[in-house]
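Only the coordinates and a few stated rules stand behind these numbers; no lab work does. The structure displayed is predicted, hence computed values, not measured ones. All Cβ positions, even for glycine, are placed from backbone atoms using ideal geometry, and neighbour counts span all protein chains on display.
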Amino acid sequence: MAIETENSNDLSAFNFEKEIERWTEFTNAIMGPELSANHTPRKPIWKKNKATLWHYAPVEKKYEIPIFMIYSLFNTPSILDFAPGSSVIEGLVNNGYDVYLLDWGIARHEDKDINIEDYISDYIQKGVKRTLRHSKADEVSLIGYCLGGTFAAMYAAIAEEPIRNLIVATVPIDFSVSALPDKWEEALKGDGFNVDRLIELYGVIPPSYVESMFRSVTSPIYNSPYVTLLARANDKRFVEKWKRMNKWNSGHVPLTGGAFRQLTIDLFKENKLVKGEFTIHGQKVDLGKIKENLLVVSSKNDTLIPEGQSLPLMDLVSSKDKTYLRVEAGHVSLAMTGKLNGILNDWLGEHSS
Amino acid sequence: MADNKAFDPYETWKSFTNNWEKQANDMIHLWTNSREYVNFSQGASDLQIRFQEMFQKNQQLMAEHLQLLTKNDLVNAAKLSIQTEEKLDALEEQIWDVQDSIESSKKEFRSLIEVSHDTNKQIKQLKKEQQRNKKELEKIDEIHFELLALKSELAEMNTLKEEVVSLRALLEENNSNKERELALLSK
């Protein structure tokens, strides 16, 4: 019988082989090949410019109403299909839903004039029409994450297509509330920051600019993930998850100048959506026209979209069936950890039959 | 139970880094949350934009002199392909509309066929009923003729009856005449 002493345990912590393995894993995770994303089987059913409408067929179809998902413009939607076992899309497909995801793709210089109005009327509305046609369904459920949620709400307010449910997670609606330090907010909402000149110069806002914009708001110094990786480099599952997260985190995409202009001026500066002054090709976006069943999900530890940005949507809509959930999660971990999965399965299950 | 967990310097480092990073970020936000910093960053941003604009302008001029394609030329070419794609999309949607209208016409046609089938059935049934009615009418005619014959027979019988009545009256008159004559004779 082997006898382990406290001293022998201490020594095993500094095991030489283990340390070599730790540093090798650490180096591989940072320098090595990237893991493949989007593991759930899918097929493209429509392509427009850089955007693709993906169809994820259900494992065993249980619900007639398909789900149309919209993600933000700032990053890739692969966070919704993060990893086997903790993927929002995989969960929905396993539960018997037809899932359609509108992937914006990567904007190039020729797309610089595309604005939010174009994204809604030319991409989302047409995408929903194609979803209805492809699925042969009479209605559709909309899910929007982050800025995708803002777009989903805007679209739902003007939609001619039949929408049964609207689900928005970590969604910015009321831009009078912000996560920015107050003097930055004051300057950005004032006349000091010349957006037009910046847009004129870049055309499309480079991903590095988008990344530094978010980094400066959330965490200007960002070393802790690397230290965490080193501390847990012997845990293969953690390393895999870290690599996926790191890939997604550094995968910001260019933002079109037109969308950036409307985001900063119409939404951030003038808060037109809440005031009911935002228009889509001349059509007024009145959130009061939203009558669909509504679910709003906020994250308690969201450093990017404070709860105050999402909550006002509850009072602005006319939906009779509306639910607000505040979840113990962060802006990204809500989707990454599978928490959103459980919420969607419970709520959508009740509202899709 | 004694805590046998081994000392892990990485965990300690991690915990220290997390705390330090949070405090440092809070500190950065605190330091930069001032009018002076905002003014400085606006100035720096303006300067950077001015330099980049100048650089872009020079690059454009140079490309024109060397007869090289510029980013804008490529953008124009790409826009043409996007426009073509949009036209194809619009055409596809129009084809959908045509397909839908053909589909609805087919449905209407099918329902028309069903209606005409029903009408045919009804016409056949009406024809049958007509034939039946015709037969019944013929029977009614026969009965009518029989009734007429009966009527004429009855009329004949009536005249016979009248004749019998007149004969009877004559007979009674004769009888009374005879009785009167007999009475006269007996006197």
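Points to keep in mind about this one:
- Scanning chain A for GluC sites (Glu not before Pro) that sit in a DSSP loop and have at most 11 other Cβ atoms within 10 Å, the longest stretch containing none of them is A:161-327.
- Divide the volume of the convex hull around the Cα atoms of segment B:61-187 by the residue count and you get 148 Å³ per residue.
- Shielding by partners, peptide A:148-160 (average Cβ within 10 angstrom, other chains): 0
- Cα-based reach from B:K128 at 17 Å (exclusive), listing aspartates and glutamates while leaving out same-chain residues under 8 positions away: B:D118, B:E136, B:E138
- Acute angle (nearest 10 degrees) that the helix B:9-32 long axis makes with the longest principal axis of chain B, alpha-carbon atoms: 90 degrees
- Crossing angle, helix B:35-65 versus chain B [Cα axis fit, 0-90 degrees, rounded to tens]: 80 degrees
- Partner chain coverage, peptide B:36-46 - average Cβ within 10 angstrom: 4
- For the peptides A:218-229, B:141-152, B:76-87, the ranking by mean Cβ contacts within 10 Å, running from highest to lowest, is A:218-229, B:76-87, B:141-152.
- Between A:S318 and B:F109, the modelled labels are 4.2 nm apart [label points 7 Å from Cα along Cα→Cβ].
- Between B:V98 and A:K300, the distance separating the two model label sites (each 7 Å from Cα on the Cα→Cβ line) works out to 5.9 nm.
- The distance linking segment A:232-285 with segment A:335-353 is 22 Å (Cα centroid to Cα centroid, whole angstrom).
- Pairwise FRET efficiency - A:R237 versus A:D346, Cβ, R0 = 22 Å, nearest 0.05: 0.25
- Each label point was placed 7 Å from the Cα along the Cα-to-Cβ direction; for A:S208 and A:E64 their separation is 5.4 nm.
- Span from the segment B:115-151 Cα centroid across to the segment A:185-209 one, whole angstrom: 93 Å
- Under-5 Å amide H pairs with A:L294, H placed in peptide plane, nonlocal only: A:L166, A:D321, A:K322, A:T323
- Highest-MSF residue in chain A out of A:H281, A:H252, A:H39 [GNM, Cα springs under 10 Å]: A:H281
- The mean number of Cβ atoms from other chains found within 10 Å of a Cβ in peptide A:187-195 is 3, as a whole number.
- Across every pair of non-identical alpha carbons in chain A, the mean reciprocal distance, once inverted, gives a Kirkwood radius of 21.6 Å.
- On the beta carbon distance between B:E11 and A:A179, with R0 = 25 Å, the FRET formula returns roughly 0.25.
- Ranked for footprinting exposure by Cβ neighbours inside 10 Å, fewest first, A:V177, A:V168 give A:V177, A:V168.
- Alpha-carbon Rg with Dmax, taken over segment B:14-68, Å: 20.3, 59
- Relative contact order [Cα under 8 Å, 6+ residues apart], segment A:192-330, whole percent: 22 percent
- Amide H contacts of A:L73: A:L147, A:G148, each under 5 Å away and 5 or more positions distant or on a separate chain (H built 1.01 Å from N in the peptide plane; Pro and chain starts excluded).
- Difference of contour (0.36 nm per residue) and Cα-Cα distance, A:V195 to A:K47: 50.2 nm
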